[in-house]
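Worksheet: the structure to be examined is printed underneath.
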Amino acid sequence: MQNPHHPLTPQPDRIAFDRAELGVILSVYGRMVAAGEWRDYAMAFLRDVAVFSIFRHSAETPIYRVEKRPRLRNQQGMYAVIGMDGRILKRGHDLKQVLRVFDRKMIRAVD
């Protein structure tokens, strides 16, 4: 049984990434860490959004945020990748497709 008071246990009134979604995100994250591009991450489960923040160095502002907003499911899509300047880099209904925005960055990291 999960501890309901543990900080990573999603509360019923909070949005969270499920195990499959986290697997997809962590797969991309692992590739970018291996390429030396990313160093750390943080997660937040809030009332209307789940956020996976990506950091180049610890203790700085995130360079990217992967957000899940179920309220937008029937509109432009509940997944989004947002840059550090607040611009939406990609949004959609399929998490794997949205995360493909990092494919270009991976090619650049390998060059």
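Figure the gain on full extension for ALA42 and LEU26 (residue separation times 0.36 nm, minus the Cα-Cα span) and round it to one decimal in nm. Kindly include the intermediate steps, with their values, before the conclusion.
On the way: separation 16, 0.36 × 16 = 5.76 nm, distance 1.16 nm.
Length difference between fully extended and current span is 4.6 nm.
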**Asked** For VAL33 and ARG104, what does the FRET efficiency come to when R0 = 25 Å and r is the distance between their Cβ atoms, rounded to the nearest 0.05?
**Response** 0.90
**Fill in**
Within the stretch 72-93, the residues whose backbone N lies under 14 Å from a label point placed 7 Å from the Cα of THR61 along the Cα-to-Cβ direction are 82-88
**Item:** Alpha-carbon spread of the stretch 15-111, three principal axes, descending order, Å
**Value:** 38, 27, 26
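All of the numbers you see were taken from the coordinates with simple rules; none came from a lab. Values in this document were obtained by computation on a predicted structure and should not be read as measured data. Cβ sites come from the backbone with ideal geometry, for glycine too, and all protein chains shown count toward neighbours.
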